[in-house]
Amino acid sequence: MDFTASVANLRERVDAQSIAAQRAPGSVTILGVTKMQPREAVIAAVAAGLTDIGENYLQEARTKYVGLPAVRTHFIGHVQTNKAKAIAALFDVVQSVDRLESGLALAKAAQATGKFLRALVQINISPAERFGIPPAEAPALARRLRDEGLLIDGVMAIGPLTGNVDAAFALAAATFANVGGSTLSLGMSGDWERAIAHGSTMIRVGTAIFGPR
Ligand SMILES: *Cc1c(COP(=O)(O)O)cnc(C)c1O
């Protein structure tokens with residue numbers, strides 16, 4: 001497996017799209033989504049220059065995300081409260097905090113181990129998505145969790161596959177402005193170009209790097 005070409009090609013296109021949106025090249029992070037990819041593919045993709053990788057399932061990451069070269073790891077799946085401790089131990093960033101309960105569990109786990117854990121509030125901008133807090137409720141959740149010591153560094157959202165994607169992305173950007181932080185995690189293989197136009201600082205890309213799952 002050699003992902004040098006696909007990572008370099010995507011980086012080039014992301015930088016071109018950033019410039020087109022009057023943003024600096026390099027200002028958008030590419031998060032490689034490694035779900036259902038073997039550990040060798042993860043290692044090859046990091047060697048190809050990915051600085052950030054993400055997984056949806058704790059169980060999958062447990063075997064894949066150990067002993068990797070230096071890379072930031074992101075949890076992008078639903079956070080079950082009883083798994084919060086293990087998630088906080090294995091990942092650097094949890095992008096999918098959408099309830100007070102799971103956020104509190106992550107805060108407690110990070111504090112207990114002295115781990116520097118960053119988190120994003122996941123908002124729901126698509127009728128097809130099960131998870132994510134209503135955007136209007138995100139600032140209050142962020143405030144409460146920051147009071148509890150959890151470092152909330154922005155917003156994550158999964159775009160709608162159909163309907164008005166631009167309106168949904170604009171809502172995500174407006175919510176990010178109200179929540180604050182440094183990361184708007186928005187855009188996947190099929191919609192990252194528009195996400196960058198709306199201010200995404202991190203795109204989560206699986207198939208466009210690794211091929212179909
Ligand atoms: C699978 C997944 C992605 C990547 O999807 P692709 O279409 O393969 O790029 C991004 N974000 C989340 C939350 C995912 O579950």
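Observations
- Whichever aspartates and glutamates have a C-alpha closer than 17 Å to that of Lys83, once near sequence neighbours (fewer than 8 apart) are set aside: Glu55, Glu60, Asp92, Asp98, Glu101
- Here's how it looks for Val94: its modeled amide H is under 5 Å from those of Phe75, Arg118, Ala119, Leu120, which are all 5 or more places away or on a different chain.
- Each label point was placed 7 Å from the Cα along the Cα-to-Cβ direction; for Leu68 and Leu151 their separation is 1.8 nm.
- Amide hydrogen neighbours beyond the local backbone of Met156, cut-off 5 Å, H modeled: Val121, Gln122, Ile123, Ser185
- Here the translational diffusion coefficient of the range 1-121 follows from Stokes-Einstein with Rh set to the Kirkwood radius across Cα pairs; for 20 °C and 1.002 mPa s it amounts to 139 µm²/s.
- Couplings for the range 167-180, taken from phi via the Karplus curve 6.51 cos²θ - 1.76 cosθ + 1.60 with θ = phi - 60°, read 5, 5, 5, 5, 5, 4, 5, 5, 5, 4, 4, 7, 7, x Hz in order; Gly and Pro are left as x.
- If R0 is 25 Å, the Cβ-Cβ spacing of Ala24 and Gln59 corresponds to a FRET efficiency of close to 0.10.
- ³J(HN,Hα) computed for each position of the range 22-29 - Karplus, 6.51 cos²θ - 1.76 cosθ + 1.60, integer Hz, glycine/proline x: 6, 10, 5, x, x, 7, 10, 7
- Computed over the range 70-139, the P(r) tail beyond 14 angstrom holds 56 percent of alpha carbon pairs.
- Convex hull volume per residue in cubic angstrom - Cα atoms of the chain: 112
- Label-to-label distance for Glu40 and Ala8 is 2.2 nm, based on points extended 7 Å past Cα in the beta-carbon direction.
- Most positive-pole-ward Cα, Asn82, Ile30, Trp192, against dipole of the chain from beta carbon charges: Asn82
- FRET efficiency, Arg213 to Ala86 (Cβ-Cβ, R0 25 Å, nearest 0.05): 0.55
- Full-stretch length increase - Phe131, Ala174 - with 0.36 nm per residue and alpha-carbon distance subtracted: 13.6 nm
Quick note: the coordinates plus some simple rules give every number you see, no bench work behind them. Every value quoted in this text rests on a predicted model; they were computed, and no experiment measured them. Note: ideal-geometry Cβ built from the backbone for every residue, glycine included; neighbour counts use all protein chains shown.
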